[in-house]
Amino acid sequence: QIKPWRIVAVRRLSEAQLEALSGMAEVDYFEDVDASNHADFMAALSKAHGLIGGKLKLSEAMLAKAPALQVVATISVGYDHLPLEALSRRGILLCNTPDVLTETTADTAFALIMATQRRLVELSNLVRDGGWHAHIGPEHFGVDVHGKTLGIVGAGRIGAAIARRGALGFGMPILYTAASPKPALEQELGAQRRDLEALLAQADIVCLSVPYNADTHHLIDADALSLMKPTAALVNVARGKVVDEPALIEALRRGRIRAAGLDVFAEEPLPADSPLSAMDNVVVAPHIGSATHETRDAMAQLAVDNLVGALVGSGPLTPVNEDVWRRTFSEA
Ligand code: 8YV
């Protein structure tokens, strides 16, 4: 049976999802792409109509070598790793996977908030290292989560879910930044909108959940950190480059802020010699925001549904550059 479509798939698809794609297209599947198989990947991409994968970096130079490409379905809600403007110029549809990961990522943010406030990793290591000799005293105490002021930088879907956990679960007053007011959060949670400077000065825990783009690059820099309370903690489930990492390291070293809980970093994987890995008041996680079995499967399924829907013409579920879909596909 001649299959009209060629698809390149990179990591994270289940057998069932791969079968669904193979039923309607020739699929070149790569468990991962690195220097050892990049030439094979580019050869496959040069013939591909669709590309699906998780956090796959696609440069404009790579795009230029994919003349038949029509749809890119990223298995992620963030798409800062993809050249959106170049894709749109080429009339290539980009789809992402919002919503299905919102609650899991908000759970991750709260796991970091709890671990950071209560020094969980540091004290777990103390027990493991045989350091628990006597009664745990003030030198090992953490600080409360309940009742503390939670500042959400970026009250989008994920930020709102974090705010709900804080307000409804832990009785936390909520401050938030957003391009426009969020009446639902204000009515439901009593959340109050602040500009960034005011939020940083008033929050006990500052949680970053903004998309990464030119406007949010190094949004949290040395000046921003200097506005925070010395007793405050910074939690980041957005993107590493939203924070000026050297400035954060300096602020932590000098005690300008008390602690940090980080799931994302300027360079990933985080270099083993990063000071962030060696500080007791910093909890680090390997970008596991959406990394549960259930959620990653739902994300991959949504990406498959996006890709198939766009190619067969029934339409994507969650397009990013929807105008491309309207302009290029729906008139086809
Ligand atoms: C993972 C994320 O990086 O969805 C995003 O934007 O950052 C995380 O969910 C993604 O799942 C990788 O595919």
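Counting only helices (runs of 4 or more DSSP H) that sit wholly inside the range 111-192, those with at least 3 residues that are within 19 Å of Val235 (Cα to Cα) and open to solvent by 40 Å² or more (accessible area, probe 1.4 Å) are 120-128. Any residue that is touching a Leu at 6+ places or on another chain (Cβ under 7 Å), part of a loop (DSSP other than H, G, I, E, B) and open to solvent by 50 Å² or more (accessible area, probe 1.4 Å) - is there at least one of those in the range 297-311? No. In the range 57-101, which residue that is modelled with pLDDT of 95 or more and hydroxyl-bearing (Ser, Thr, Tyr) is nearest to the ligand (Cβ to nearest atom)? Among residues in the range 57-101 that are modelled with pLDDT of 95 or more and hydroxyl-bearing (Ser, Thr, Tyr), the one nearest to the ligand (Cβ to nearest atom) is Ser76. Filtered by the rule that a residue be surrounded by fewer than 22 Cβ atoms within 10 Å (Cβ to Cβ) and either under 17 Å from the mean Cα position of the chain (by Cα) or closer than 19 Å to His49 by Cβ (or both), the range 61-75 gives Met62, Leu63, Ala64, Lys65, Ala66, Pro67, Ala68, Gln70. Leu262 passes every criterion in (1) open to solvent by less than 70 Å² (accessible area, probe 1.4 Å); (2) under 23 Å from the mean Cα position of the chain (by Cα); (3) away from the ligand (no atom under 16 Å from the Cβ) apart from (3).
Considering only the range 195-210, I want to know if a residue exists there that is part of a strand (DSSP E or B), in contact with a strand residue (DSSP E or B) (Cβ under 8 Å, 6 or more places away or on another chain), more than 22 Å from Arg118 (Cα to Cα) and at pLDDT 95 or above. There is no residue in the range 195-210 that is part of a strand (DSSP E or B), in contact with a strand residue (DSSP E or B) (Cβ under 8 Å, 6 or more places away or on another chain), more than 22 Å from Arg118 (Cα to Cα) and at pLDDT 95 or above.
Annotation for the range 33-50: no member residue is basic (Lys, Arg), more than 30 Å from Val143 (Cβ to Cβ) and modelled with pLDDT under 95. Taken over the range 93-106, the residue count meeting the criterion of being open to solvent by 80 Å² or more (accessible area, probe 1.4 Å) and in a helix (DSSP H, G or I) is 1. Which condition number does Ser88 fail, the rest of (1) open to solvent by less than 40 Å² (accessible area, probe 1.4 Å); (2) part of a loop (DSSP other than H, G, I, E, B); (3) of a type outside the set (A, V, I, L, M); (4) touching an Asp or Glu at 6+ places or on another chain (Cβ under 8 Å) being met? Status for Ser88: all satisfied but (2).
The set of residues from the range 20-52 being in contact (Cβ under 8 Å) with a residue 60 or more places away in the chain and either within 16 Å of the ligand (Cβ to nearest atom) or part of a strand (DSSP E or B) (or both) comprises Ala25, Gly50, Ile52.
The values are calculated or read from the model by the stated rules, or taken from the named source; none is laboratory data. Note that this is a predicted model, so its numbers are computed, not measured. With ideal geometry, Cβ positions are generated from the backbone for all residues, glycine too; neighbour counts draw on all protein chains shown. Surface accessibility is based on the protein's heavy atoms, side chains included, excluding ligands, DNA and RNA. Shrake-Rupley method; radii C 1.70, N 1.55, O 1.52, S 1.80 Å.
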